[in-house]
1. State whether one or more residues within segment 379-400 are surrounded by 15 or more Cβ atoms within 10 Å (Cβ to Cβ), touching a residue at least 24 places away in the same chain (Cβ under 8 Å), more than 15 Å from the ligand (Cβ to nearest atom) and not in a helix (DSSP H, G or I).
2. With Glu431, Glu468 as the choices, which residue is within 27 Å of the chain's Cα centre (by Cα) and acidic (Asp, Glu)?
3. Kindly list the number of the only condition in (1) outside any loop (DSSP other than H, G, I, E, B); (2) more than 16 Å from the ligand (Cβ to nearest atom); (3) in contact (Cβ under 8 Å) with a residue 40 or more places away in the chain that fails for Ala254.
4. Being within 18 Å of the chain's Cα centre (by Cα) and in a strand (DSSP E or B): is that true of Thr331 here?
5. What residue, of Phe201, Phe145, Phe244, is outside the structural domain of Pro276 (by TED's automatic domain parsing) and either in contact with a Gly (Cβ under 9 Å, 6 or more places away or on another chain) or over 19 Å from Asn43 (Cα atoms) (or both)?
6. Just checking, how many residues over segment 308-324 are in a helix (DSSP H, G or I), within 11 Å of the ligand (Cβ to nearest atom) and out of contact with any Ser or Thr (no Cβ under 7 Å at 6 or more places or on another chain)?
7. Might you let me know whether segment 265-274 holds any residue that is in the same structural domain as Glu233 (by TED's automatic domain parsing) and within 12 Å of the ligand (Cβ to nearest atom)?
8. Checking the structure you have, find out if any residue of segment 497-519 is under 26 Å from Phe287 (Cβ atoms), crowded, with 21+ Cβ neighbours inside 10 Å, at pLDDT 95 or above and not assigned by TED's automatic domain parsing to the domain that holds Gln151.
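The values are calculated or read from the model by the stated rules, or taken from the named source; none is laboratory data. Just so it is clear, the structure is predicted and the values come from calculations on it, not from any experiment. Note: ideal-geometry Cβ built from the backbone for every residue, glycine included; neighbour counts use all protein chains shown.
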Amino acid sequence: MRNLFLLFFCTFLLNKTMAQNNNTDVHSFAQPQKAYITHLNLNLEADFDNKILKGKATLEYKNIAQTSQIHLDTRDLDILQITQNNQPIKFQLTEPKEYLGQALIIDINPQLNQGTLTIEYQTHPQAAALQWLTPEQTAGKKNPFLFTQSQAILARTWVPCQDSPGIRFTYTATIKTPKNLMAVMSAQNPQIKNSEGIYQFEMKQPIPAYLLALAIGDFEFAPLGERTGVYAENNTLEKAKYEFAELENMLQLAEKLYGKYEWERYDLIVLPPSFPFGGMENPRITFATPTIIAEDRSLISLVAHELAHSWSGNLVTNATWNDFWINEGFTVYFERRIMEAMMGKSYAEMLAYLGYQDLLHTLELFGKDNPDTRLKLDLKDRDPDEGVSEIAYEKGYFFLITLEKKVGRPKFDAFLHQYFQKNAFQGMDTEKFLEYLKKELPETQTIDLNAWIYQPGLPSNFALTLPERFIEVEKQLKKWKNGTPPEKLNTQQWTTHEWLHFIEQLPAEISTDELEKLDQQFKFSQSGNAEIITQWLQITLPLSYTPAFAPAENFLMNVGRRKFLVPIYKAMLKTEQGTQKAKEIYQKARKNYHSVATNTLDKLILEQQR
Ligand SMILES: [Zn+2]
């Protein structure tokens, strides 16, 4: 998600957005059809000792319905005072609701069609968006670190705002940090530390609240290209420079596909390992997990994904979390097109097939009739985080592939190029997209759109054939099953993806002896590649393969990325001995994880009854 604009143009777009998206967001208390915010100015100090952010949020708003109150979203915030023109004004907080928080209702003048109000507040130490790391939890081990994760509805736990993806605003900020640390935001960023520890930020393009982001720590910047660079802790910076050396090239390939990059710079920040996601597409600066540093550039499709969000998500944004596939399905499609342009067709085919397998696993896990396997979700009275599954990503991707096949690639590319341009800085819901599709590509109307969008599972006629490079992997597997020893297999040219398929296809009834031999030859248990080790642990832990226990513990103690934690813990929970071990490890490791991860894992491990 990410972009830049002239101010008058922004205002025009905002009005347009509001008019178009009267789609009610069940995850926000805001009433944008009456009054909505247009600009935020933050002035915050980071207090690492008490784990709080404190200061002021000044909000500019428009009052379009002569309303006497504006509604904001908050959760776990201490509101100290609200003023307008330096005069205190009246406000109330409603009763807290689980995960939604509290509506902050502020009296405003119904006669004026715009205004500015200043909220003095501070956050709580347990604010769900904020992760305060002790020095031990960082890569460098010397200084504390703070990072935010606002998606989906956690921005309200650190900024009082209208926390709905359909409402966009520009922002400026002043952030005070301890003197030896640096701050970056989803905005124009510093590249060197300053001696006062005071940093100024500006985001000129309107963004939804979930793209508000802040990181504070002892990191440094290294340029990678004219518009690209990377921030990382000192001991990670060199590795990161190598891993992401292709970033500028990637950006140019993306622009060639679907038009100009609208956000000026594209930087990455490598966060400490407890970051719960692979990456978060904060505009101008993607927050990334260090688990994509494989030292061979084999996991950079994740960067292609976050970069692609600069168009799908940040420019054209899901209007509500029920339309999450609008962000993610398009992004996976775009990501794989970038990877195809960089690495060739046969490489992209492997990525797509691995995605297909993930999708089939998800469908099996959820059950084919589960309403959560529809592209258009219904998350009313639920935490929108529950909508995050492979469905939005992979079913969304295969839906777009189906459209591409129908009209041919050149036509589909022209369609997408125009889609991003015409709908830039606007919300997009599923129905609006379907209308747009009907108008622009009428030949797609013979596809069973209803089955793809509103029905669970996959349309019955959909299947993906095994790509060439995986056919080769399976040949080698067959040789191994027929007695060829591991060292005699032809695996020299394999990338991470071939290995993932190889491990995934190992027979269920494999013996400990056979696992050991494979492990000795291919060093799976010692792999520094997070994808490979996770795949290996998933297969071996349920078989009580004891050499896997130590690397599993090491991984779980040091990594906080939910995508890996969940399958590894699940694999452990499949045996009595593993369950015991999983509980022990979780007790020690839990403090290293972000709330986004512990929310999922508490349910999985602590509430687990065997
Ligand atoms: Zn994404």
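1. Among the residues of segment 379-400, at least one is surrounded by 15 or more Cβ atoms within 10 Å (Cβ to Cβ), touching a residue at least 24 places away in the same chain (Cβ under 8 Å), more than 15 Å from the ligand (Cβ to nearest atom) and not in a helix (DSSP H, G or I), which makes the answer yes.
2. Working: Glu468 fails: within 27 Å of the chain's Cα centre (by Cα).
Exactly one of Glu431, Glu468 is within 27 Å of the chain's Cα centre (by Cα) and acidic (Asp, Glu), namely Glu431.
3. (2)
4. Details: within 18 Å of the chain's Cα centre (by Cα): yes; in a strand (DSSP E or B): no.
No: the conditions fail for Thr331.
5. The conditions single out Phe145.
6. Pass one, segment 308-324, residues in a helix (DSSP H, G or I): 308, 321-324.
Retained after the next criterion (residues that are within 11 Å of the ligand (Cβ to nearest atom)): 308, 324.
Okay, now just the ones that are also out of contact with any Ser or Thr (no Cβ under 7 Å at 6 or more places or on another chain), so 324.
So the count comes out to 1.
7. Our first condition is that a residue be in the same structural domain as Glu233 (by TED's automatic domain parsing); within segment 265-274, this holds for 265-274.
Applying the additional criterion that residues be within 12 Å of the ligand (Cβ to nearest atom) yields none.
Within segment 265-274, not a single residue is in the same structural domain as Glu233 (by TED's automatic domain parsing) and within 12 Å of the ligand (Cβ to nearest atom).
8. Taking segment 497-519 as the starting set, the residues that turn out to be under 26 Å from Phe287 (Cβ atoms) are 497, 500.
Going one step further and asking which of them are crowded, with 21+ Cβ neighbours inside 10 Å, we end up with 497, 500.
Remaining after also requiring at pLDDT 95 or above: 497, 500.
Retained after the next criterion (residues that are not assigned by TED's automatic domain parsing to the domain that holds Gln151): 497, 500.
The answer is yes; a qualifying residue exists.
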